[in-house]
Amino acid sequence: MLRMAIGAIGGLSHFIRPGDVVLIKPNVAFDRAPKLGATTSPDMLGALIRLVRAAGAAEVRAADNPIESPETCFAKSGIAAAARANGAQVFLPSPTSFEMLEVPGAKLIARWPFFYRPFRGVTKVIGIAPIKDHNLCSASMCTNNWYGLLGGRRNQFHQDIHNIVADLALMMRPTFVILDGSRILMKNGPTGGDLSDVVHGRTLIAATDQVAADAFGYSQLLGRKGDLPQYLHNAHARGLGEPDWRNVAMQEEQVG
Amino acid sequence: MSCGGNCGCGNGKKPAAATGSADAAFDLLNRLKSEAGTVATPSSGPPTIYFAKEPKGAHGVKAPGWLRGLRITRWRVISQAFFFAAFLFFIFTTWFSRLKGNPVSAFLEVDPLVGLATAISTHTVYRHLVWSLWLIIPTLVLGRWFCNWMCPYSTLHQFFGWLFNTRRNLDKVAINRYRSIFQLKYIILIVFIVLAAFGSLQIGLLDPICIMYRTFTTAIAPASDLAVEQAGGSAAWLFKPGSPHQRIFYGAWFVGLVILFLVGMNLVIPRFFCRVLCALGALLGVLSRFALWRIDRDVTRCTDCNLCVSHCEGASDPHTALRKSECFVCFNCIDDCPEDALSFRFMPVKKPQPVEGQLHGRPVITQILETEAPWPALSRRRLLLTGVLGVLAYPFLRLSAAVNSKAFSRKAIRPPGTVAENEFLERCIKCDQCINVCPTNVLQPATLTQGGLEGLWTPVMDMRIGFCQLNCVLCSEVCPTGAIQKISIEKKLGLGQHTADGPISVGTAFFNQGRCLPWAMETPCVVCEEVCPVSPKAIGTYDEQLKRWDGTIVLLNKPYMRPELCIGCGICEHECPVADDRAVYVTAVGETRSKDRSLLLRSRQT
């Protein structure tokens, strides 16, 4: 399924060259079991790592700066085990693994502490994010996923959430993103905590335009009516992606 | 009189008289030895073991060098190094990714003072505390071997005492004699035991194992991590890897200063803590009164050179009547004795015995002095006074408002699984193992504010530093005494068979609307709602669109609390951006461990 999704955007060999050092950014924000849908599915991450390695990547890394205790989040979400079992290296944040990152043109993070250590020597970046309900910014998907690379007093960004998420889309222009709709956190997000909050979406999106992927996920998978989250419009206004997914060349495949 | 007048027990005029006759007897003995040559001693019982540097005797063959190198004091050093390394290993593995069933609290669980005092205060023996028999039984046979063979804290003191020792031999002999101040530890022990009987467990203040764990947790491990991080060292060297922030602790400076002071005191009095303050040592001292083996001095060989005192760790006076309860069984005296007069013997003769010999051809009979002072040197009057001290100390501690349920500190937020406060004070030994294992740094050693002197260094949560992670019960896993009962995730969250009980709540979160950005400052925020980990969320929002002072339209999600759902985990307080004085904060009220501290009439009936 993952191979078909990536095939639809041109195939992995189009993105990953032999010898690439690839960083994959899953969402491991909380200390939650995979079935609760608050974190990236470890099965999906494992499959992605296998494909990337098969495409000839010299090294694959997985990194995140979770909200809860990093070690426990990586362990109990199954991400650490899935990454290591498939030959990827796991990076946990420590006090010295952050550097000041310059993001020219960003409104809020023109200079901000960034979880830099795992990025040393990296040539390709892939985001793999779950789809989650989120009260303040409506939904958390691919663009929000980069929030987990920030350090510092990042809890202030909620005062201007739609600009920070647009900034994140500017900060990280990934090789491609995977929006994992296998489990969708429909309510009580982004933490979840109850199986009744989760539905099985049976859908996987691969995209080079993360804004389009998020827009599709929001209206089609999370099933939200009405206008898209403001941050997608903000990103569009800055030329960072196309929130009207109908305008994007799209290919749909059915599995089984 | 069984004390022989040398124990300082305060038995009136006896000592002087006894000393006088002792001198006379020794005079006679020495003359017997030097002039007559042959001295017959009444020897009986199992053969004596000598740990001599070189084998002596008629054959005159030297043992090979490697064998001579492995004398018993060397074995002792190996044992000390082993147990110290084991202790470091346990501190190192007291962490989520390293725990893996390691017995990280083992030193506390074999500590007889912990076992005895909690048995007295709670009338029960929790989980692994029965392991203390592993220490009690050998102590009854061999004496205080723990003090110089196993105790990591004692190893620390001995090591620094040895490292910085610049004394000349004569001074060493002087400094390692017994002093009456060494009685203090027995006084401390008795006060602690009396307090425990009243239900206030204070042994952790001066139990060496508790001090060791506490010091490494709150001062040494964080300092080491800071150094490793700054030096760019590998995560494998960190005590607490995968922690995005340097761990910090309330009162780390004080715990650090205490260890510096106590270690520094070794320069003034060697083994100051062990000899003067150690409550565990005092207990083992009492137990070793019955020890079957002991250091025995063959007075017919002894030349009174006093070299045996020069490295005596316990200041147990091996050169005269041995203070059995002070002896650490370090064997230095046997090593130091040039005459092989000292040995470690099974039930040696204790009573004064006649010695028969010949002097100038005539038969002479004299008395061997009693060579043992079995009981700790504490007179009955002082014993009584000490008991009274303990009885008085209890109300002084317990009447402090901080530990009273009428005026308990709102910041005395105990970790999940903690028993009700009264029972908690019977159980907590302030070892701070829970604080050591806590992955978020939320557990802190209490200062005087949160629990008075009685609750000093007990675990409380500070949600500004960390938060109680939902799917975590590590603190309950490592607690050696059941102050935090061992609980499962299901029990903590009220799942499965615990559904009827509901989740464990450690407190309740409150909003300070005057400081909350959406409520008071027309500014969007609600990080608190976002991170609230329960489902459904304990924080809801009133959503309101309004025109700000500058004319812009904002959507404000004004948060409110649903108290039935709040478990007091404090992640809302931790993530609140109003950094100095959080707009949402947890206080202890509403904790489920005690009905006296509940908040809602219908607690958990949702």
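The values are calculated or read from the model by the stated rules, or taken from the named source; none is laboratory data. Since the structure is predicted, the reported quantities are computational estimates derived from the model, not experimental observations. So basically every Cβ, Gly included, is an ideal-geometry build from the backbone, and we count neighbours across all protein chains shown.
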Open item on the list: Condition first: among the acidic types (D, E) and either modelled with pLDDT under 85 or not in a strand (DSSP E or B) (or both). Now tell me which residues in the stretch B:294-312 satisfy that.
Closed with: B:D298, B:D304
TODO: Taking the residues in the stretch B:552-564 that are within 11 Å of another protein chain (Cβ to nearest Cβ) and of a type in the set (A, V, I, L, M) as candidates, determine which candidate is nearest to B:T587 (Cα to Cα).
DONE: B:L556
- [ ] Output yes when any residue across the stretch B:383-391 is in contact with a Phe, Trp or Tyr (Cβ under 7 Å, 6 or more places away or on another chain) and either over 15 Å from B:S200 (Cβ atoms) or touching a residue at least 40 places away in the same chain (Cβ under 8 Å) (or both), and no when none is.
- [x] no
- [ ] For the stretch B:425-529, please list each of the strands (runs of 3 or more DSSP E) lying entirely inside it that holds at least 3 residues being away from chain A (no Cβ under 14 Å) and under 30 Å from B:S400 (Cα atoms).
- [x] B:459-461, B:508-511
Task: Members of the stretch A:21-78 that are within 11 Å of chain B (Cβ to nearest Cβ) and aliphatic (A, V, I, L, M) - done: A:A29, A:A33, A:L36, A:A38, A:I67, A:A75
TODO: Could you identify the single residue in B:I269, B:I259 that is crowded, with 17+ Cβ neighbours inside 10 Å, in a loop (DSSP other than H, G, I, E, B) and away from chain A (no Cβ under 14 Å)?
DONE: B:I269
Task: Only listed residue being crowded, with 21+ Cβ neighbours inside 10 Å and within 16 Å of B:W162 (Cα to Cα), chosen from B:R275, B:R247 - done: B:R275
Task: Every residue from the stretch B:536-551 that is assigned to a strand (DSSP E or B), hydrophobic (A, V, I, L, M, F, W, C) and more than 12 Å from every other protein chain (Cβ to nearest Cβ) - done: B:L546
TODO: For residues that are within 39 Å of the chain's Cα centre (by Cα) and among the acidic types (D, E), scanning just the stretch B:548-606, find the one that is surrounded by the most Cβ atoms within 10 Å (Cβ to Cβ).
DONE: B:E591
Open item on the list: Could you go through the stretch A:211-230 and let me know if any residue there is polar (S, T, N, Q), in contact with a Phe, Trp or Tyr (Cβ under 9 Å, 6 or more places away or on another chain) and under 15 Å from A:A129 (Cβ atoms).
Closed with: no
Task: Matching residues in the stretch B:141-194 - criterion: being under 20 Å from the mean Cα position of the chain (by Cα) and among the β-branched types (V, I, T) - done: B:T155, B:I187, B:I188, B:I190, B:V191, B:I193, B:V194
Task: Subset of the stretch B:370-415 (residues that are out of contact with any strand residue (DSSP E or B) (no Cβ under 7 Å at 6 or more places or on another chain), assigned to a loop (DSSP other than H, G, I, E, B) and of a type in the set (S, T, N, Q)) - done: B:S379, B:S400, B:N404, B:S405, B:S409
TODO: Could you list, in sequence order, all residues of the stretch A:147-170 that are buried (at least 24 other Cβ atoms within 10 Å of the Cβ) and touching a helix residue (DSSP H, G or I) at 6+ places or on another chain (Cβ under 6 Å)?
DONE: A:I164, A:V165, A:A166, A:L168, A:A169
TODO: Enumerate the pairs (first residue in the stretch A:191-210 and without any contact (Cβ under 8 Å) to a residue 60 or more places away in the chain and more than 8 Å from chain B (Cβ to nearest Cβ); second residue anywhere and among the acidic types (D, E) and not in a strand (DSSP E or B)) with beta-carbon separation below 6 Å, excluding pairs fewer than 6 apart on the same chain, so at least 6 apart or on different chains.
DONE: A:D209/A:E242
Task: Odd one out for B:I193, checked against (1) of a type outside the set (G, A, S); (2) in contact with a strand residue (DSSP E or B) (Cβ under 6 Å, 6 or more places away or on another chain); (3) modelled with pLDDT of 95 or more - done: (2)
Task: Which listed residue, of B:L425, B:L453, is over 14 Å from B:V478 (Cβ atoms), touching a residue at least 12 places away in the same chain (Cβ under 8 Å) and buried (at least 22 other Cβ atoms within 10 Å of the Cβ) - done: B:L425
- [ ] Scan the stretch A:5-28 residue by residue and report those that are closer than 25 Å to B:C532 by Cβ and in contact with a Ser or Thr (Cβ under 7 Å, 6 or more places away or on another chain).
- [x] A:P26, A:N27, A:V28
